[in-house]
Amino acid sequence: MRNKTPVYVTCVAIAALVWGTINYVVAPEVRAGGVDDVLILCGLAITAEALSYLLPKAATGSISFIPYFAAAIIAPNWTSVLSVVAVKTLVEAWRRKAPIKAVLNVSAYALMQLVAITVYTGFGGVALRELERMSLTQVTRLTGMQALIAFALAMITNNLLVHGAIAIDSGRPMRSLMRENQRPIAGLDVLAVPLIFVFAWVYTAYGPVAAAALWVPILGLRQVHRTNLELEQTNEELLELMVKSLEARDPYTSGHSRRVQHYSSIIARAIGLSEKQIEHISRAALLHDVGKIYDKYAAVLSKQDKLTPEEWAIIQDHPTDGANLVSTMTRLRDIVPAIKHHHENWDGTGYPDGLAGERIPIASRIIRFADTIDAMTTERPYRAPLTETQVRAEVIRCRASQFDPEIADNLLSSPLWTALFTSPSVAVSPARPAVSLLRRTPNAGKIASAQIKGA
């Protein structure tokens, strides 16, 4: 996939160059004072570029687009595009970005500015400098809607271009990447769209000093948002640390929690749950086995032989222990039931509470599927991973006993069923005898119901 990245970046750069040239040829003349306006606004943008923040999956965020877009409607011509290119080039050089990343970022911003200018003028918007004597209400009536549409489409363009490159480079779906990166800043973007228009009007009506004064509290709001975003990222990293600590205790199941998280997301999507529900289930799935981090499980997890009844009783405590541990974290209390009941069976024969049917949280029912599928598709000392056909047969056999029959039917008939067996992110890894993943029975070496009952 990465071999395609340079081709993609080259195409983006050529598109920016061609479009920028056309923009210059069509309207080469610049209004008196327009260059000064653009330079001042780009100077303000530099302060935002210096205070950029990291987003997940190698993306970077900043509010530099506010003065950039303001320049696009104050001076909607090639000078604002050229100034954005110059500023972004200097910023990328200062950050010592790899050439391919620098070219992508500069080109994406150039296209973003070109989209804003083209859409704004195409819908009849005029340079705000020509309306500088009008009130905000008057200016809004004349050009407000054109500006909002231009800003929104330009932001969408930039996001698509950047995340397209990340998707090609990482091999991950662009939709998933955009959801991860845009969710934390969606509120800021919605707020910023009308704010850009007000900021541009203040600049034209009251001058650069007034705009600079307004820019200071805008930067302050951005700092608050950055702090909140960093806190959220720290929380996510702490969750990953908890999982890594668990897997370090039981290296034979390394990767299990992440695979279960991945499978759970696929299953939730296959049965038509919302993105918010999928995110909830994904987080619960990542932490479903966190209770095993306690010392009392160390000897059981490292044991190579069959578990005794006493040891089996210990291992059955891990859903409750995990739920109790996670309940100490305020932001995660909503996933406590999902963790506690991920070993309940549809027919009521599971643990810890023997819940049955729809009394089992839907998140737990989905994690039950994912946990079991990982157990079946993981290599064991006594058998190879089960094939897709064998897994399907086991799911059908345990439908309405271990598994929710409706989820089973929807999953088996969904096009996403095959994604459980084709994703590169869930590569099979060898594991020891099934102490932590599979339920122990006297016939543990056979392909029987014991082998699809994750512990």
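The values are calculated or read from the model by the stated rules, or taken from the named source; none is laboratory data. Remember, predicted model here, so these are calculated numbers, not experimental data. Positions of Cβ are generated from backbone atoms using ideal geometry, with glycine treated the same way; all protein chains shown enter the neighbour counts.
Couple of notes before you dig in:
- Of the residues making up region 381-399, those that are touching a residue at least 12 places away in the same chain (Cβ under 8 Å), within 34 Å of the chain's Cα centre (by Cα) and outside any helix (DSSP H, G or I) are Pro385, Leu386, Cys398.
- Residue check for Val115: outside any loop (DSSP other than H, G, I, E, B), modelled with pLDDT of 95 or more and either out of contact with any strand residue (DSSP E or B) (no Cβ under 9 Å at 6 or more places or on another chain) or not basic (Lys, Arg) (or both): yes
- Only listed residue being farther than 24 Å from Val7 by Cα and not small (Gly, Ala, Ser), chosen from Ile74, Ile100, Ile156: Ile74
- Region 381-399, subset aliphatic (A, V, I, L, M) and surrounded by 16 or more Cβ atoms within 10 Å (Cβ to Cβ), residue nearest to Gly348 (Cα to Cα): Val395
- Any chance Ala370 is in a helix (DSSP H, G or I), assigned by TED's automatic domain parsing to the domain that holds Gly272, out of contact with any helix residue (DSSP H, G or I) (no Cβ under 9 Å at 6 or more places or on another chain) and of a type in the set (A, V, I, L, M, F, W, C): no
- For the residues Phe151, Phe123, the requirement of being within 21 Å of Ala205 (Cβ to Cβ) and touching a residue at least 12 places away in the same chain (Cβ under 8 Å) singles out Phe151.
- Selected residue [free of Cβ contacts under 8 Å to residues at least 60 places away in the same chain, more than 19 Å from Leu114 (Cα to Cα) and of a type outside the set (Lys, Arg)] from Ile14, Ile46: Ile46
- Set Thr21, Thr5, Thr10: member being in contact with an Asp or Glu (Cβ under 7 Å, 6 or more places away or on another chain), closer than 21 Å to Thr157 by Cα and part of a helix (DSSP H, G or I): Thr5
- Cross-chain or 6+ apart pairs with Cβ under 7 Å, region 321-332 first and of a type in the set (Ser, Thr, Tyr), then crowded, with 18+ Cβ neighbours inside 10 Å: Ser327/Val336
- Residue identified as more than 27 Å from Trp417 (Cα to Cα) and touching a helix residue (DSSP H, G or I) at 6+ places or on another chain (Cβ under 8 Å) among Lys306, Lys296: Lys296
- Residue-level check: of (1) at pLDDT 90 or above; (2) in a loop (DSSP other than H, G, I, E, B), Arg133 misses just (1).
- Taken over region 128-173, the criterion of being of a type in the set (Gly, Ala, Ser), farther than 16 Å from Ile74 by Cβ and more than 17 Å from the chain's Cα centre (by Cα) is satisfied by Ser135, Ala152.
- Members of region 20-31 that are under 21 Å from Pro67 (Cβ atoms) and either surrounded by fewer than 19 Cβ atoms within 10 Å (Cβ to Cβ) or in contact with a His (Cβ under 6 Å, 6 or more places away or on another chain) (or both): Val30, Arg31
- Close pairs from region 350-366: first farther than 20 Å from Ser282 by Cα and assigned by TED's automatic domain parsing to the domain that holds Asp317, partner among the polar types (S, T, N, Q) and not in a loop (DSSP other than H, G, I, E, B), Cβ under 6 Å, at least 6 apart: Pro352/Thr320
- Applying the set (1) free of Cβ contacts under 8 Å to residues at least 40 places away in the same chain; (2) part of a helix (DSSP H, G or I) to Ile335 leaves exactly one unmet item: (1).
- Some residue of region 288-295 being closer than 24 Å to Pro405 by Cα, at pLDDT 90 or above and assigned to a helix (DSSP H, G or I): no
- Checking Ile266, Ile314 one by one, the residue that is at pLDDT 90 or above and touching a Lys or Arg at 6+ places or on another chain (Cβ under 7 Å) is Ile314 and no other.
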